[in-house]
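Below: one structure, written as structure tokens.
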Amino acid sequence: MKLSAIDLVPILEGEGAHEAITHTRDFAVAAEAMGLTRLWLAEHHNAAGLACSSPELLIARLGEVTERLRIGAGGIMLPNHAPLKVAESFRLLEAMYPGRIDLGLGRAPGTDPRTAAALRRGVHIDPDAFPAQLDALLDHFASEEVPRPAFHPSIVAIPTATATPELFVLSSSGFGAEVAARYGLGLAFAQHMNPGDAVSIVQRYRKTFTPSPHRPAPYAIVSVSVVCADTRAEAEHLRLSGELAMLRFSQGRRDLPFPTPETAAAHAWTDEQQNLRAMFREAPVVGDVDEVASRLSRLATESGADELMLLTLVHDQTARRRSYQRLAETLL
């Protein structure tokens, strides 16, 4: 089994953005030493509790401190950006770190509607236009007509003579998986957002995949929220932080730092919030290493996933690294 990680770069209670980015840098070094395949950075905007508004800048930083680890965006929210700019940014990253760059593409804004409108300079973009935006991006990656005659009208994403990053479509529903299969791209399915449909959607992607110049065969990554500790009791304590953070996010309170377990334990949950909390508890895989490894192995087998990408949202960064380390030692 291949294991990877995704990082939201949360700003921890008692710290700031600089410390959050430092934690991500240090984790990248540790992830490479553990033997993880890749580390992806998310894209979120207008959320002061996260330091991941520009994944491409973070990728450039992580490339400097790693040698083998694949690094990428999970993802770039394509409707927020001009396809040409995305192609140029990731060609440049590929030129900087050849053979190590991934580009996961999503159709959601990664933010609220007003912020999405500001990112798009007020231009309304239909979510159903994602395939057309993907077409434009793939055309830019395919453009290599250089040198050109003076004042030639064609547009080329520069730098040229670089490989195309490994391409994935992000999905938490059937739509993204269908696009990935139709275009012959990798799939990164967010099981932590839609645990009930993960197995059937990934299986359907594999059955309907059309080979392409980008990928001759299907390749599915399934992302899973995980907290692994020495004991289930310890894991349950660590997970409290993520539950309170999810509650705040669902309430639109996105500027608060990621809480400690003690702050989370002291929170007085209303009945309505307890109902939300029960929903938050459906997806994460939480427990000791034997329990977590068994559940992850079963998920990979049932879905046919080629790789699991783990998201571990805990306040204690030592505990976070140990969670990944235990699973790497058991599953790799």
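Specify which residue in the list 191, 111, 160 is farthest towards the positive end of the charge dipole of the chain, using unit charges on the beta carbon of Lys, Arg (+1) and Asp, Glu (-1), about the Cα centre.
About the Cα centre, the residue reaching furthest to the positive side is 160.
What relative contact order, as a whole-number percentage, does the chain give when Cα pairs under 8 Å and 6 or more residues apart are counted?
19 percent
Can you compute the charge dipole magnitude of the range 109-161 about its Cα centre, using +1 on each Lys and Arg Cβ and -1 on each Asp and Glu Cβ, nothing else charged? Give it in debye, rounded to the nearest 20.
Its charge dipole is roughly 300 debye.
Once you sort the root eigenvalues of the Cα gyration tensor of the range 236-283 as a ≥ b ≥ c, which label holds: rounded (a/c under 1.5), prolate (a/b larger than b/c) or oblate (the other case)?
rounded
Quick one: if the Förster radius is 30 Å, what FRET efficiency do residue 288 and residue 214 give, using the C-beta to C-beta distance and rounding to 0.05?
So the FRET efficiency works out to roughly 0.15.
For a Förster distance of 30 Å, can you work out the FRET efficiency between the beta-carbons of residue 22 and residue 331, rounded to the nearest 0.05?
0.60
Report, in degrees rounded to the nearest 10, the 0 to 90 angle that the Cα long axis of helix 17-34 makes with the longest principal axis of the chain.
Approximately 90 degrees, to the nearest 10.
Using Cα pairs under 8 angstrom and six or more residues apart, how large is the relative contact order of the range 160-301, in percent?
22 percent
If I take R0 = 51 Å and measure r between the Cβ atoms of residue 316 and residue 151 in this structure, what FRET efficiency does the formula 1/(1 + (r/R0)^6) give, to the nearest 0.05?
0.30
Take the alpha carbon atoms of the range 56-70, find their center, do the same for the range 87-123, and report the distance between the two centers in whole angstrom.
Measuring centre to centre over Cα atoms gives 16 Å.
Counting other Cβ atoms within 10 Å, keep those with at most 15, restrict to DSSP loop, and tell me which GluC sites (Glu not before Pro) in the range 238-300 are left.
Answer in residue order: 282.
With everything on Cα atoms, drop me the angle between helix 83-96 and the longest principal axis of the chain, reported from 0 to 90° to the nearest 10.
80 degrees
Enumerate the residues in the range 26-58 having an amide nitrogen under 19 Å from the point lying 7 Å beyond the Cα of residue 249 toward its Cβ.
39-56, 58
Once label points are set 7 Å from the Cα along Cα→Cβ at both residue 68 and residue 92, what is their separation, rounded to one decimal in nm?
According to this spin-label approximation, the distance is 3.0 nm.
Checking the a/c ratio against 1.5 first, then a/b against b/c, what shape does the Cα gyration tensor give for the range 59-163?
Cα axes put the range 59-163 in the oblate bin.
Based solely on its DSSP helices, what 222 nm [θ] is calculated for the chain when runs of n ≥ 4 H residues each add -39,500 (n - 2.57) and the sum is averaged over all residues, nearest 500 deg cm²/dmol?
After summing the helix terms and dividing by the residues of the chain, the value is -14000 deg cm²/dmol.
Please identify, among 156, 286, 202, the residue showing maximal mean-square fluctuation in a Gaussian network model of the chain using a 10 angstrom Cα cutoff.
The residue with the greatest mean-square fluctuation here is 156.
Every number in this text was worked out from the coordinates using simple rules, so none of it is lab data. Everything numeric here is computed off the predicted structure, so don't read it as measured data. Because the Cβ atoms are built from the backbone with ideal geometry, glycine has one as well, and the counts that use them run over all protein chains shown.
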